[in-house]
Amino acid sequence: MNEQKKYEVIKYLADHPDANKKRAALQLNCSLVVDLYLNKYYHANFTHFTELLESMEGISLSSSTVTSVLEEQFILSPMVTKASADIQTNLVSIDDATGTITGAWFDHEEILNGYYHVFHQTLCTYGILYKFFTDRRTIFTYNKEKLPLSP
């Protein structure tokens with residue numbers, strides 16, 4: 001917040017004694033809240049930042065107010081940016097005896113196509129396997145639900 005805006009808020013309070021002091025205080029503290037978040041507590045999500053403001057700085061604001069103030073400045077919570085990050089699935093086939101990676105596939109979802117690619121790499125490079133251990137996914141084994149006997 002620039003000095004002119006601060007001056008206008010304080011002048012308005014002086015001219016109107018019945019004005020909302022909480023709103024003015026919030027307007028004056030907005031720049032402080034933004035500065036503290038950007039420079040000191042940038043690692044915290046908005047809820048934790050609200051708790052830090054109260055315990056460390058003595059500023060008592062609600063989480064929704066802090067969120068509004070920071071989002072007005074186009075600052076997003078780390079939780080939002082984590083949720084929108086690309087999620088990648090890693091499928092890896094490892095020889096249990098030697099610890100050698102025999103095949104790998106990276107994709108956005110864990111689908112049967114990925115397992116086909118890993119298995120193809122393993123078969124082409126190392127030949128037919130003596131034993132194949134899985135992580136008990138239903139992709140490898142499928143148990144039919146038992147249907148009730150009809151009369």
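The values are calculated or read from the model by the stated rules, or taken from the named source; none is laboratory data. None of these values were measured; they are calculated from a predicted model. FYI the Cβ positions are ideal-geometry reconstructions off the backbone, even for glycines, and counts take in every protein chain you see. Calculation scope for accessible area: heavy atoms of the full protein, side chains included, ligands and nucleic acids excluded. Shrake-Rupley method; radii C 1.70, N 1.55, O 1.52, S 1.80 Å.
Structural remarks
- Most to least accessible of Thr50, Thr65 (protein chains only, probe 1.4 Å): Thr65, Thr50
- Taking all protein chains together and rolling a 1.4 Å probe, Thr125 ends up with roughly 90 Å² accessible.
- FRET E, pair Ile111, Met79, Förster distance 25 Å, beta-carbon r, rounded to 0.05: 0.35
- Accessible surface of Glu71 - all protein chains present, 1.4 Å probe, nearest 10 Å²: 90 Å²
- Ordered from largest to smallest accessible area (heavy atoms of protein chains, 1.4 Å probe), the residues His117, His43 come out as His43, His117.
- Net charge of the neighbourhood of Val34, taken over other residues with C-beta under 12 Å away and scored Lys/Arg +1, Asp/Glu -1, is -2.
- Probe 1.4 Å, all protein chains present, accessible-area order of Thr98, Thr67, largest first: Thr98, Thr67
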